[in-house]
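What follows is a single structure, written as structure tokens, with notes after it.
The values are calculated or read from the model by the stated rules, or taken from the named source; none is laboratory data. A quick note: this is a predicted structure, and the numbers were derived from the prediction, not measured. Counting neighbours? That spans all protein chains shown, and the Cβs are built from the backbone with ideal geometry, glycine included.
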Amino acid sequence: MKIVVAIKQVPERDAQVHIDSSGKWIDESNIQWALNESDAYALEEALQLKEKHGGEVVVISAGPERVGSTIREALAKGADRAIHIECDSGQFDALGVAQLLAAAIRGESADLTLTGLQSDDLGYGQTGVIVAELLGLPHASLILHVEKTDSGLTVKRELEEGWFQNVELSLPAVLTIQSGGNKLRYATLMGIKKAKTKEVRRVTAQELGAPIAPVVTLERISIPKKQRSTQILSGSPKEAAAALAEKLKFEARVL
């Protein structure tokens with residue numbers, strides 16, 4: 001069973017983020033980078049499937065040279081080899097990244113492709129399902145668990161308010177993995193040593209075929225402003241409670 005896992009390098013969650021001089025992206029000069037959380041769960045799911053059923057796990061990532069450290073982390077955890085699409089990932093929207101990933105995945109003839117549900121930095125939540133569409137494959141999202149069957153796969157999807165759904169899919173297929181489905185493993189010392197000898201194939205975006213012009217472009221980003229406001233609700237307790245419920249539902253949108 002050949003499994004491809006698309007992974008992304010993102011700023012660490014505790015990183016102190018500052019806007020760069022262009023106002024269109026963050027200042028990356030002092031940022032520490034890490035493997036995207038839901039991608040880490042996608043990798044773990046792939047490694048567990050490999051341990052149960054055999055086969056090969058191939059990781060694919062698009063980005064500049066620094067992405068190599070995240071690729072090596074995936075290899076150290078147990079992936080067999082990697083493809084590094086060398087590009088400035090910041091110039092691509094979700095469609096552009098999906099086109100690059102799909103072009104690389106297409107040459108692998110994988111049985112299963114896994115991506116994280118969404119990235120911790122941009123949070124589009126679109127790349128995995130666009131990859132499935134470009135490859136013309138069945139897909140399911142918000143996956144917490146995957147079981148291999150004689151006819152394909154049975155997957156457990158997370159729905160709203162504590163509900164779940166079991167779905168059967170044929171192979172090949174694409175799944176986007178939700179965080180929390182498994183316990184993540186650490187890279188062992190032996191795994192780190194072996195990662196140095198594993199294959200990392202480097203290709204450029206041009207070699208894969210340049211994607212179309214971005215559909216979405218970032219014009220400006222800003223740090224959220226911290227602000228507090230207080231409203232006094234007048235009237236009787238019953239009237240105040242009704243007004244509070246209305247504000248929680250339509251303004252705060254928490255009901």
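Of everything in region 190-239 that's closer than 30 Å to ASP27 by Cβ and of a type in the set (Ser, Thr, Tyr), which residue is surrounded by the most Cβ atoms within 10 Å (Cβ to Cβ)?
The extreme case among them is THR204.
Please work out which residue is surrounded by the fewest Cβ atoms within 10 Å (Cβ to Cβ), limiting yourself to region 76-100 and to residues that are assigned to a helix (DSSP H, G or I) and modelled with pLDDT of 95 or more. Steps first, please.
First, the residues of region 76-100 that are assigned to a helix (DSSP H, G or I): 76-77, 89-91, 94-100.
With modelled with pLDDT of 95 or more added as a condition, the list becomes 76-77.
Values: ALA76: 20, LYS77: 22.
Top of the filtered list is ALA76.
Which condition from (1) outside any helix (DSSP H, G or I); (2) of a type in the set (D, E, K, R); (3) at pLDDT 95 or above is the one that ASP120 breaks?
(3)
Keeping to region 44-75, report how many residues are part of a helix (DSSP H, G or I), more than 15 Å from ALA6 (Cβ to Cβ) and touching a Phe, Trp or Tyr at 6+ places or on another chain (Cβ under 9 Å).
1
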